[in-house]
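Shown next, in structure tokens, is the structure this report addresses.
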Amino acid sequence: MEALLKEAFFHALKATDPYRLTQRALPPWRPDLILAVGKAAAPMLKAALDRYGEVPYHLTLPQGQDPLGLKARFARHPVPDEESLKAAEEVLALLQSLSPKTRVLALVSGGGSALWCAPLGISLEEKKALTEALLRSGAGIGEVNAVRKHLSRIKGGRALLATKARVHALLLSDVPGDDPSVIASGPFHPDPSTYQEALSVLDRYGLAFPEARGVLLKGLRGEVPETLKPGDPALKRLSWRMVGRNLDLLKAAQGFLREQGHRAVILSDRFGGEARDLARFQAELVETIRAHGVPFRKPLFLLSGGEAQVRVKGGGRGGRNLEFLLALYAHLKAPLHALAADSDGLDGPSGAAGALLTPEVWARGLDPRPYLERNDSLAFFQEAGTLLITGPTGTNLNDFRLLFVD
């Protein structure tokens, strides 16, 4: 069963390869410039270059990723660094130099928020510290982006405002709901959030950051321009298409399992909230199926995606998928097989894609409570010996969870 769980995950990754997804969606015209940013930027750009031949491009990737023989600028993720700033400045300079006749192909995937970082009114150090604080706070991706967009010269549609060129964007979604304004913080898309919402996020999670608050307050007073809003005339120069999403990943795994003769149900592609709360919900669902055969008959596989959050209070290491599995282990009354992983191959700062739960983990009798108290899910699964190590996968289609109810 452990091998089958892994096979389903890797089959889904192969079936949703960004190169293939991009190739199918490329426009018939040849672009004058290609901009590629995010965790799937290299295969997306390779697909475009294989179609169009030599085209000027700017490629920004996370450190450690394979650029597939392409010249790239590498930056840090999820917290930006100096290279993120250089990449964003280069892109903005390119966009500002273009004429209205220029056609730009923008290949955007998750991770772009950190890889293109052009702080507005604050220092890079303040932006880095604020990003890290937001990620540790347990804030949802929409809340995080409301802040990031209003402190950036490139996010929230400001990349489109920076140019007169026509832009066609191909998007690979790593966010629940596949909202284009959220993917990579929507550099070319309108932003419905406001300066007031960004300030409210800081208040909600008790984040001081006076330098950032000062900029947001200036925005409230109209001293700093808002992000690109729906209905802006600049949007007439934008066209876009979604080439891949979390649901595609889940459907690929579902199809694979059905071909193997198993029943498989997709619960949702947009589960969010606290990873521990999500684990409790799924544990209760498993126990209901086991006890009563509702809402599904057993045996079957339960698939789900989306993006949970972790409110970090301890000093341990882990990620949202590891935390989900650890909490699932804590809530379940009897063993089961499960796999949870980030499709990009890196679950938070753990260095692992995710992990597996197997009956052997229960047999070891490990107590989950001290690990949960420390937010130390990585140490738990290291001890259990069931970490899933893939390295960067070259894609980013959000989280993948697979439970087998026997």
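The values are calculated or read from the model by the stated rules, or taken from the named source; none is laboratory data. It should be emphasised that the depicted structure is a prediction, and the values quoted were computed from it without experimental measurement. Virtual Cβ from ideal backbone geometry, glycine too; neighbours counted across all protein chains shown.
Table for the structure above
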read-out: Pairs where the first residue, in region 20-33, is closer than 11 Å to residue 244 by Cα and the second is of a type in the set (S, T, N, Q) and surrounded by 15 or more Cβ atoms within 10 Å (Cβ to Cβ), C-beta under 9 Å, 6+ apart; value: 21/395
read-out: Any pair with Cβ under 6 angstrom, 6 or more apart, that starts in region 116-133 at a residue that is in the same structural domain as residue 159 (by TED's automatic domain parsing) and ends at one that is of a type in the set (Lys, Arg); value: 118/153; 119/127; 120/153
read-out: Any hit, region 229-248, residues being part of a loop (DSSP other than H, G, I, E, B) and closer than 18 Å to residue 152 by Cβ; value: yes
read-out: Cβ pairs under 9 Å, 6+ apart, first in region 382-401 and more than 20 Å from residue 244 (Cβ to Cβ), second of a type in the set (D, E, K, R) and surrounded by fewer than 20 Cβ atoms within 10 Å (Cβ to Cβ); value: 383/364; 384/360; 384/364; 385/360; 385/364; 386/2; 386/360; 388/6
read-out: Some residue of region 206-223 being within 19 Å of residue 130 (Cα to Cα), in contact with a Phe, Trp or Tyr (Cβ under 6 Å, 6 or more places away or on another chain) and not small (Gly, Ala, Ser); value: yes
read-out: Some residue of region 23-37 being crowded, with 18+ Cβ neighbours inside 10 Å, small (Gly, Ala, Ser), assigned to a strand (DSSP E or B) and modelled with pLDDT of 95 or more; value: yes
read-out: Positions within region 49-63 being out of contact with any Phe, Trp or Tyr (no Cβ under 8 Å at 6 or more places or on another chain) and of a type outside the set (Val, Ile, Thr), in sequence order; value: 50, 51, 52, 53, 54, 56, 57, 58, 59
read-out: Residue count for region 287-304, restricted to those that are under 22 Å from residue 247 (Cβ atoms) and either of a type in the set (A, V, I, L, M) or outside the structural domain of residue 259 (by TED's automatic domain parsing) (or both); value: 3
read-out: Output for region 140-172, where each listed residue is among the β-branched types (Val, Ile, Thr) and within 16 Å of the chain's Cα centre (by Cα); value: 141, 144
read-out: Counted residues, region 200-218 - those being within 21 Å of residue 312 (Cα to Cα) and part of a helix (DSSP H, G or I); value: 5
read-out: The listed residue being under 17 Å from residue 225 (Cβ atoms), buried (at least 23 other Cβ atoms within 10 Å of the Cβ) and touching a Ser or Thr at 6+ places or on another chain (Cβ under 9 Å), out of 146, 159, 169, 184; value: 146
read-out: Complete set of residues in region 85-106 that are under 21 Å from residue 121 (Cα atoms) and in contact with a helix residue (DSSP H, G or I) (Cβ under 9 Å, 6 or more places away or on another chain); value: 85, 87, 88, 91, 92, 95
read-out: Hey, residue 184 on the phi > 0 side of the Ramachandran plot, in the same structural domain as residue 86 (by TED's automatic domain parsing) and not in a loop (DSSP other than H, G, I, E, B) or not; value: yes
read-out: Single unsatisfied condition, residue 93 versus (1) of a type in the set (A, V, I, L, M, F, W, C); (2) over 17 Å from the mean Cα position of the chain (by Cα); (3) assigned to a helix (DSSP H, G or I); (4) buried (at least 19 other Cβ atoms within 10 Å of the Cβ); value: (4)
read-out: Qualifying residue in region 103-122 (condition: more than 18 Å from residue 189 (Cβ to Cβ) and in a helix (DSSP H, G or I)); value: no
read-out: Helices (runs of 4 or more DSSP H) wholly inside region 269-368 that include at least 3 residues being within 27 Å of residue 205 (Cβ to Cβ) and touching a helix residue (DSSP H, G or I) at 6+ places or on another chain (Cβ under 6 Å); value: 275-292, 320-331
